[in-house]
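Every number in this text was worked out from the coordinates using simple rules, so none of it is lab data. Note that the coordinates shown come from a computational prediction; the quantities given were computed from them, not determined experimentally.
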Amino acid sequence: VDDADAYALWLSNRTGKRYRLPSAIEWEHALRVLAPGTFKTGEAREIVDDCWQDKLPKAGFEILSSHGRTVECEVRMLKGAMAAEEARWNRPSVRRPVFAKQAAAGLGFRLVRDLDP
């Protein structure tokens, strides 16, 4: 997570645009709606900005996120799966916990860029 955040900050400073990790909802929206069939899972398990919660809230918008760094998350959320993993992990809605300081093969991230106002 620190590497992803550092890269997002570097890219933001270099381009003058704001880059960050997507929330789980943004990640899933991109997979299902924005680019169905082209935004694929199977390449890596991807870290998103949301803090891990055992149970998701019914409304969905109360998910804790570290946007703005007002919340420090010891455990973050993973979305997606490696191609070699069981098919159940490759559904867009699936999520799993990952320690924020964990590094392992097959962990990756995508960045989103905030739109200009």
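Structure data summary
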{"item": "Straight-distance crosslink candidates among aspartates and glutamates, where the alpha carbon sits under 19 Å from K17 and sequence neighbours closer than 8 are dropped", "result": "D3, D5, E26, D49, D114, D116"}
{"item": "Residue-wise HN-Hα coupling along the stretch 72-82, computed from phi with Karplus coefficients 6.51, -1.76, 1.60 (Hz; x: Gly, Pro)", "result": "9, 10, 6, 10, 9, 10, 10, 10, x, 7, 7"}
{"item": "Amide H contacts of A44 (H built 1.01 Å from N, under 5 Å, at least 5 apart or other chain)", "result": "A81"}
{"item": "Whole-Hz ³J(HN,Hα) from phi, Karplus 6.51 cos²θ - 1.76 cosθ + 1.60, for the stretch 8-25, glycine and proline x", "result": "4, 5, 4, 5, 4, 5, 6, 9, x, 10, 8, 10, 7, 5, x, 6, 4, 5"}
